[in-house]
Amino acid sequence: MINRKLRMGMIGGGMDAFIGAIHRLALNMDGQIELVAGALSVKPEMALSSGKALYLDNDRIYTDYKEMLEKEAAMPAEKRLDFITIVTPNFVHFDPAMMALEKGFHVVIEKPITFSLDEAIRLQQKVEETGLQLLLCHTYTGYPMVKQAKQFLQSGALGKIRKVFVEYPQGWLSTFLEKTGQAQAAWRTDPKRSGAAGSMGDIGTHAFNLAEYVTGLEVTHICAELNIVVEGRMLDDDGAAFLKFNNGATGVLMATQVAAGEENNVKIRVYGEKGGIEWKQEDANSLLVKWLDKPAEIYRAGTGYLNSFASHNCRTPAGHPEGYLEAFANLYRNFALTLQATISGTAPKAEWLDFPSVKEGVRGMAFIQNVVKSGQSGEKWMAFTIDSN
């Protein structure tokens with residue numbers, strides 16, 4: 001393994017942004033990564049002030065990401081960036097990601113991976129062409145007990161999976177918040193900046209990814225209904241979908257941002273022939289296993305009986321709460337360990353490689369396209385396709 005921190009540049013995420021600060025907290029948690037360059041805002045004054053506030057060298061504070069990527073690519077090996085993190089709105093994902101890959105940088109990118117499915121497919125082709133690594137920030141896959149659930153189901157302990165329920169209720173868009181000038185609401189509800197879907201693109205993709213990640217299955221058919229509940233809104237703020245999986249299982253996905261009073265209680269339940277599992281973010285350190293013929297069991301983070309994927313992502317002894325920031329940090333740590341191994345010419349461990357990447361990004365964009373298409377169609381069921389046309 002290399003004997004230094006990985007050098008990172010950030011696009012977006014200035015001091016006036018929400019998610020940039022989350023990324024910086026997460027990447028700093030394990031001391032494996034150093035932020036050394038940034039084009040932190042489209043507003044020049046904010047880009048400059050944010051870079052200074054983060055103590056970046058003046059010559060590595062940029063007001064344009066293209067200039068940053070050009071200049072950083074020309075740096076000598078001992079100074080050159082290892083990877084780029086992109087934390088911009090959806091419509092500014094593809095171009096900087098593609099340029100970063102073309103310049104030889106690994107990439108970390110917020111979800112959904114791009115603005116359109118066509119862009120996601122092109123990005124996947126570039127990743128495969130270059131052999132570079134890409135981390136897609138589906139945070140909930142970083143929780144130890146989500147990883148425990150995945151390995152538990154893959155072991156066959158519950159038999160064949162039959163039923164999947166996944167939900168993500170929020171309430172923050174229960175009013176016409178975007179008209180007040182609230183920045184997060186404004187871009188997330190704008191089809192020119194967010195894409196074809198609102199709640200389904202923003203949090204529905206998290207639910208979809210969680211369902212496929214935990215079960216190890218893939219959705220093959222979908223039947224969806226999308227709603228605009230708040231008058232005047234341009235994109236869906238509520239929706240649900242029936243799902244069919246490639247093993248014959250069926251499921252239900254719900255994503256809403258008008259469930260007044262709800263925060264971020266993403267939740268998944270999976271049922272097999274012998275019992276079921278249940279995980280929810282509001283009690284993230286617990287995994288409930290319910291059996292057909294014996295009492296229920298509760299698995300807890302930080303204990304000695306967890307599988308290697310779960311224990312690798314636990315940070316404290318049992319009973320000490322670990323949450324969203326730690327899950328985010330787990331994504332960065334696994335990505336960093338994989339990069340360090342790749343740079344050193346050694347094989348990464350399976351536990352390190354367990355992070356969402358470009359394949360999950362393409363399937364997430366396909367979910368958006370298919371759920372919107374189904375929601376607009378009079379057909380009951382539609383085949384789930386990955387086709388940019």
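Taking the criterion of being closer than 26 Å to Leu292 by Cα, surrounded by fewer than 22 Cβ atoms within 10 Å (Cβ to Cβ) and not polar (S, T, N, Q), the residues of region 231-253 that qualify are Phe242, Lys244, Gly248, Ala249, Val252. When residues in region 210-246 are screened for being within 20 Å of Lys359 (Cβ to Cβ) and touching an Asp or Glu at 6+ places or on another chain (Cβ under 9 Å), 6 of them pass.
Just one of the listed residues (Ala26, Ala37) is assigned to a helix (DSSP H, G or I) and over 26 Å from Pro191 (Cα atoms), namely Ala26. Taking region 365-388 as the range and being surrounded by 12 or more Cβ atoms within 10 Å (Cβ to Cβ), under 25 Å from the mean Cα position of the chain (by Cα) and part of a loop (DSSP other than H, G, I, E, B) as the test, the residues that pass are Phe384, Thr385, Ile386, Ser388. Pairs, please: C-beta under 9 Å, at least 6 apart or cross-chain, first residue at negative phi and among the hydroxyl-bearing types (Ser, Thr, Tyr) and in region 152-180, second surrounded by fewer than 17 Cβ atoms within 10 Å (Cβ to Cβ) and outside any loop (DSSP other than H, G, I, E, B)? Listed pairs, sorted by first residue: Thr180/Ala186. One residue alone among Trp187, Trp172 is more than 30 Å from Gly275 (Cα to Cα), part of a helix (DSSP H, G or I) and aromatic (Phe, Trp, Tyr), and that residue is Trp187. Can you name the number of the only condition in (1) under 28 Å from Gly323 (Cβ atoms); (2) among the charged types (D, E, K, R); (3) without any contact (Cβ under 8 Å) to a residue 60 or more places away in the chain; (4) surrounded by fewer than 21 Cβ atoms within 10 Å (Cβ to Cβ) that Lys267 fails? Result: Lys267 fails condition (3) only. Considered as a group, the residues in region 27-59 that are within 23 Å of Gln340 (Cβ to Cβ) and in contact with an Asp or Glu (Cβ under 8 Å, 6 or more places away or on another chain) include one that is surrounded by the fewest Cβ atoms within 10 Å (Cβ to Cβ), and that residue is Met29.
Values quoted throughout were computed directly from the atomic coordinates according to the rules given, and no laboratory measurement underlies them. Because the structure is a prediction, the values reported are computed rather than measured. Don't worry about glycine lacking a Cβ; one is built from the backbone with ideal geometry, like all the others, and counts go over all protein chains shown.
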